[in-house]
1. Could you estimate the translational diffusion coefficient of region 340-403 from the Stokes-Einstein equation, with Rh from the Kirkwood formula over C-alpha pairs, at 37 °C and 0.692 mPa s, in whole µm²/s?
2. So if we plug the beta-carbon distance of residue 238 and residue 408 into 1/(1 + (r/R0)^6) with R0 = 30 Å, what FRET efficiency do we get, rounded to 0.05?
3. Report Rg (one decimal) and Dmax (nearest whole number) for region 177-242, counting Cα atoms only, units Å.
4. Roughly how many nanometres apart are two label points built 7 Å out from the Cα toward the Cβ at residue 353 and residue 450?
5. For a footprinting-style exposure proxy, rank 28, 450 by other Cβ within 10 Å, fewest first.
6. Round to a whole angstrom and tell me the spacing of the C-alpha centers of region 292-307 and region 181-216.
7. Taking every alpha carbon pair in region 350-443, what does the distance histogram look like in 5 angstrom bins from 0, in percent?
8. With labels modelled as points extended 7 Å from the Cα through the Cβ direction, what inter-label distance (nm, one decimal) is found for residue 112 paired with residue 87?
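Readers should treat all values here as calculations from the given coordinates under stated rules, not as data from a laboratory. Since the structure is predicted, the reported quantities are computational estimates derived from the model, not experimental observations. We place every Cβ from the backbone using ideal geometry, glycine too, and count neighbours over all the protein chains shown.
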């Protein structure tokens, strides 16, 4: 069976990515709507207010820390490291246990430090908040400190499962997290107020870890009280860690910097960025995440086997799949974003003014959707080649660029300027990574892939005209023009790429 799957992958990389990534897409189709239910409940109970601003900032900091220093870098360097030991079950379990134990020790130490100096942390992450808002932010932050340890342990589990090309369990954990968050908000919201959200975050994070154990056992991955710091895998991990840490932290740092800058804007602007990003991230999660997650595991194996021909073929297929799916998604978000915000959020304490703020931020994020997906994918390509340094160096410059652009554009455009900065920096990251990869490996998009991407752009232009026309014919309506726009997107791209889809099915 494994040999047959490998032959399929070599014959048709795109079909291999689609088949393995489809499970991620299916789970996302369940998880993301739950995320919107979660956001809708949050918006209904608390609106876009000082309380929500405090919660978002308090939640983003522990999330940022574990993403920056632990979980974000973990898969980037662990998958290439543990790929070498895939066929040795005992050795695989040994290094798994070692990395789990290292994660526990490090994150517990960091958590204690943040607990002791929480007041100082809040003054740094929310400099523009009022004294009242800072007190609330501090209390929320204390409740959510354990998230650092929980998510880091989860990321180690995810890396070892993904290396085995098992993607379901780690993705299912997002559903568990959303369910606990929603339950806590609904059951405890009236009694505990905004603190019910923080409790839901922490409890959900713990349950994400618990649900991984049956799947780990299924693949023979056993936990032991082992801390083999002399293992060769540790030496390799040390060599790769710093670069992976920097490279994978760029996106969350840029997002966090944007929210710090937004804290100087009127109340509700930080919350609007968060609500907008929640909508923006849906097509990214449906299409880009499955592609680069499967691609990363596959490229790590191909690079280990020195099979550069198929290595480049998988890159080509991945880039094309991201462009063909995210270009129409960009058009749909930019032309119907206001409808999405109204349908999802405008109720209860979430007013028409909040909708206008969120729509502005959503447009800024959406114009860079394709480059957001491509830039993260290219970071993973370099990671699979055991090169963490190149994405890290480019990423460091992008942090400075993002802060400058966001600060400049915030003055005339407010939250739109901050979200536009994210899109501009994503384009910057992708272009530089592509140029360097081309010089180093002589990789270049094939003529077929280039032609299909150009076709997708022209199809997007036609789609834009059709959606604008539809909205003018149906002014003042919400659901009907959105449904028609979605149908037009499927129809236009289905017709333009009919031969591409047929080719995939025929080769499968």
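1. 227 µm²/s
2. Rounded to the nearest 0.05, the efficiency is 0.15.
3. 18.5, 53
4. Reported label-point gap for residue 353 and residue 450 is 5.2 nm.
5. With the fewest neighbours first, 28, 450 line up as 450, 28.
6. 35 Å
7. 3, 14, 20, 19, 15, 11, 8, 5, 3, 1, 0
8. 4.4 nm
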